[in-house]
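Student: Below: one structure in structure tokens.
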Amino acid sequence: MKYNFDKIVDRKNTNSTKYDMSKEMFGTDNILPMWVADMDFETPDFIVNSLRKRTDHHIFGYSTKPDSYYNSIINWMKNRHNWDIKKDWITSSPGVVPAINMAVLSFTNPKDKIIIQPPVYHLFSAAVQENDRQIINNQLKLVNGKYQIDFDDLEKKIKNDVKMLIFCNPHNPGGMVWNRDDLLKLGNLCVENNVLFVSDEIHLDMVYEKTHIPISSLSPAIANNTITCMAPSKTFNLAGLSSSVLIIQNEEIRNKFNHLLHNLHIHYGNIFGNIALESAYTYGEEWLEQLLIYLKENINFVVDYFQDNIPKIKVIVPDATYLMWLDCRNLNLSNEELKNFFIQKAKIGLNDGPSFGPGGEGFQRINIGYPRSIIEAALKKIKKAVDNL
Ligand SMILES: Cc1ncc(COP(=O)(O)O)c(C=O)c1O
């Protein structure tokens with residue numbers, strides 16, 4: 001491999017949320033943090049060099065996005081995801097979470113009903129509740145180690161004056177890549193019931209054997225009713241550069257979204273975020289291909305390790321993402337005991353299952369975007385703690 005993903009980088013004392021907030025998060029510094037979704041791999045040279053080049057010009061005033069920025073997104077979506085998009089459809093946001101919140105604020109009113117599908121990324125429920133909207137849970141079903149959408153439940157609930165559905169594809173925390181049939185069914189249900197579809201596809205590039213299908217690529221009617229949110233931040237480890245992309249084909253919806261974006265005066269984006277995004281989408285394919293091989297080997301390593309050494313914990317094998325969902329229900333611990341077990345006994349900082357909503361009880365999420373030696377050390381800590389239970 002040209003790129004070295006085994007390299008250990010000391011991230012402590014760099015103001016890293018993951019490393020330097022352990023005390024606040026877990027009550028102790030004596031912990032290996034494997035929670036928040038950024039990776040411990042260095043962002044590739046071609047991105048760092050493009051940022052360095054920009055710092056040679058010592059004025060960092062307001063700046064616009066050049067055509068090359070838009071072309072990099074258009075080409076990336078075509079080459080990697082077989083989706084033809086137009087420059088006009090592209091808009092931006094400092095992040096996918098801000099974009100989801102802006103969509104909630106722009107297209108719904110207080111007390112409106114919004115469907116989410118837990119267990120799911122915890123900031124979906126926050127975007128609904130913190131904006132005083134009402135959550136309608138369409139809980140996913142876990143069948144033979146894979147999540148499925150409960151369409152019977154959804155069809156009943158979606159008819160009941162729902163305004164929006166926030167969807168996660170690929171799915172965090174389960175790592176599902178939703179298939180064409182499910183996406184069509186879901187997208188069409190939203191169209192038929194006049195429910196705006198917000199599709200969080202931030203993990204779209206981190207897919208192993210399956211193919212990610214942007215839901216808006218499936219039909220003009222679905223595209224007309226969808227806001228797609230994506231970013232290079234997970235893929236190229238750029239979360240701190242606060243730069244994400246929205247693709248909104250429907251002009252009316254796009255204008256309304258952009259109205260809020262402009263009012264908040266965040267439409268310029270961040271100079272470095274824009275440059276990193278363009279560089280990632282222009283030069284990033286080779287690096288990404290190698291990263292995906294490394295991550296898939298990490299996943300296989302984790303799956304085998306649990307099977308052979310800690311069989312009480314079952315691993316949901318992800319189709320995508322560098323996040324793995326651990327089914328710890330056979331440890332027979334309460335939620336509180338399970339959380340404390342990982343912090344105090346295993347000394348690993350994970351994401352607590354219940355924070356992902358109903359269905360998260362008894363689960364923990366581990367981030368495997370690390371050099372393998374760190375993963376191995378973490379798994380040994382977990383094994384020792386489970387053996388002593
Ligand atoms: C599904 C999902 N959406 C959004 C985010 C965060 O997006 P951003 O940092 O662009 O706000 C994450 C981060 O883990 C995520 O998993």
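The values are calculated or read from the model by the stated rules, or taken from the named source; none is laboratory data. As the structure is a computational prediction, the values presented were derived from the model and not from experiment. No Cβ is skipped: glycine too gets one built from the backbone with ideal geometry, and neighbour counts run over all protein chains shown.
Student: Are any residues in the range 74-101 under 18 Å from the mean Cα position of the chain (by Cα), within 15 Å of the ligand (Cβ to nearest atom) and farther than 30 Å from PHE363 by Cα, and if so, which ones?
Tutor: Across the range 74-101, the qualifying residues are SER92, SER93, PRO94.
Student: PHE107 versus (1) within 16 Å of the ligand (Cβ to nearest atom); (2) in contact (Cβ under 8 Å) with a residue 24 or more places away in the chain: which is the lone unmet condition?
Tutor: Exception for PHE107: condition (1).
Student: Cβ-Cβ below 7 Å, separation at least six or inter-chain, first residue in the range 80-101 and farther than 23 Å from LEU292 by Cβ, second within 14 Å of the ligand (Cβ to nearest atom) and of a type in the set (Asp, Glu): which pairs?
Tutor: Within 7 Å, the pairs are ILE100/ASP200.
Residue-by-condition table, conditions (1) within 19 Å of PRO66 (Cα to Cα); (2) among the hydrophobic types (A, V, I, L, M, F, W, C); (3) within 16 Å of the ligand (Cβ to nearest atom):
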| site | (1), (2), (3) |
| --- | --- |
| ALA221 | no, yes, no |
| LYS234 | no, no, yes |
| LEU238 | no, yes, yes |
| VAL245 | yes, yes, yes |
| GLN249 | no, no, no |
| ASN258 | yes, no, no |
| ASN263 | no, no, no |
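Student: Just checking, which of PHE356, PHE306, PHE342 is within 16 Å of the ligand (Cβ to nearest atom), touching a strand residue (DSSP E or B) at 6+ places or on another chain (Cβ under 9 Å) and in the same structural domain as LYS23 (by TED's automatic domain parsing)?
Tutor: Residue meeting the stated conditions: PHE356.
Student: Restricting attention to the range 183-210, which residues are outside any loop (DSSP other than H, G, I, E, B), more than 12 Å from MET230 (Cβ to Cβ) and polar (S, T, N, Q)?
Tutor: Passing the criteria: only ASN188.
Student: Inside the range 1-37, can you point out the residues that are buried (at least 19 other Cβ atoms within 10 Å of the Cβ) and within 16 Å of the ligand (Cβ to nearest atom)?
Tutor: Within the range 1-37, LYS18, PRO33, MET34, TRP35, ALA37 qualify.
Yes/no matrix, rows are residues, columns are (1) in contact (Cβ under 8 Å) with a residue 60 or more places away in the chain; (2) within 16 Å of the ligand (Cβ to nearest atom); (3) of a type in the set (Asp, Glu):
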position	(1), (2), (3)
LEU165	no, yes, no
CYS168	no, yes, no
VAL177	yes, yes, no
ASP182	no, no, yes
LEU189	no, no, no
GLU192	no, no, yes
SER199	no, yes, no
LEU204	yes, yes, no
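Student: Here is a further query. Kindly indicate whether any position in the range 139-161 is surrounded by fewer than 22 Cβ atoms within 10 Å (Cβ to Cβ) and either under 25 Å from GLY95 (Cβ atoms) or hydroxyl-bearing (Ser, Thr, Tyr) (or both).
Tutor: No, because not a single residue in the range 139-161 is surrounded by fewer than 22 Cβ atoms within 10 Å (Cβ to Cβ) and either under 25 Å from GLY95 (Cβ atoms) or hydroxyl-bearing (Ser, Thr, Tyr) (or both).
Student: Can you pull out every residue in the range 131-143 that is outside any strand (DSSP E or B) and within 23 Å of the chain's Cα centre (by Cα)? It would help to see each step written out before you state the result.
Tutor: Keep residues of the range 131-143 that are outside any strand (DSSP E or B), which gives 131-133, 138-140.
Across the range 131-143, the qualifying residues are ASN131, ARG133, ASN138, GLN139, LEU140.
Student: Out of VAL177, VAL162, which single residue is farther than 23 Å from GLU285 by Cα, among the β-branched types (Val, Ile, Thr) and touching a strand residue (DSSP E or B) at 6+ places or on another chain (Cβ under 9 Å)?
Tutor: VAL162
Student: Further, regarding this structure: Restricting attention to the range 100-124, report how many residues are of a type in the set (Gly, Ala, Ser) and closer than 25 Å to THR321 by Cα.
Tutor: Narrowing the range 100-124 to residues of a type in the set (Gly, Ala, Ser): 103, 106.
Now restrict to residues that are closer than 25 Å to THR321 by Cα: 103.
So the count comes out to 1.
Student: When you check ASN160 against the structure, is it of a type in the set (S, T, N, Q), over 26 Å from GLN364 (Cα atoms) and either touching a residue at least 24 places away in the same chain (Cβ under 8 Å) or out of contact with any Cys (no Cβ under 7 Å at 6 or more places or on another chain) (or both), yes or no?
Tutor: yes
Student: Moving on to the next point. For the range 10-58, name all the residues that are outside any helix (DSSP H, G or I) and of a type in the set (S, T, N, Q). Write out each step before concluding.
Tutor: Applying the first criterion (outside any helix (DSSP H, G or I)) to the range 10-58 yields 10-16, 21, 27-44, 56-58.
Listed by number, the residues that qualify are ASN13, THR14, ASN15, SER16, THR28, ASN30, THR43.
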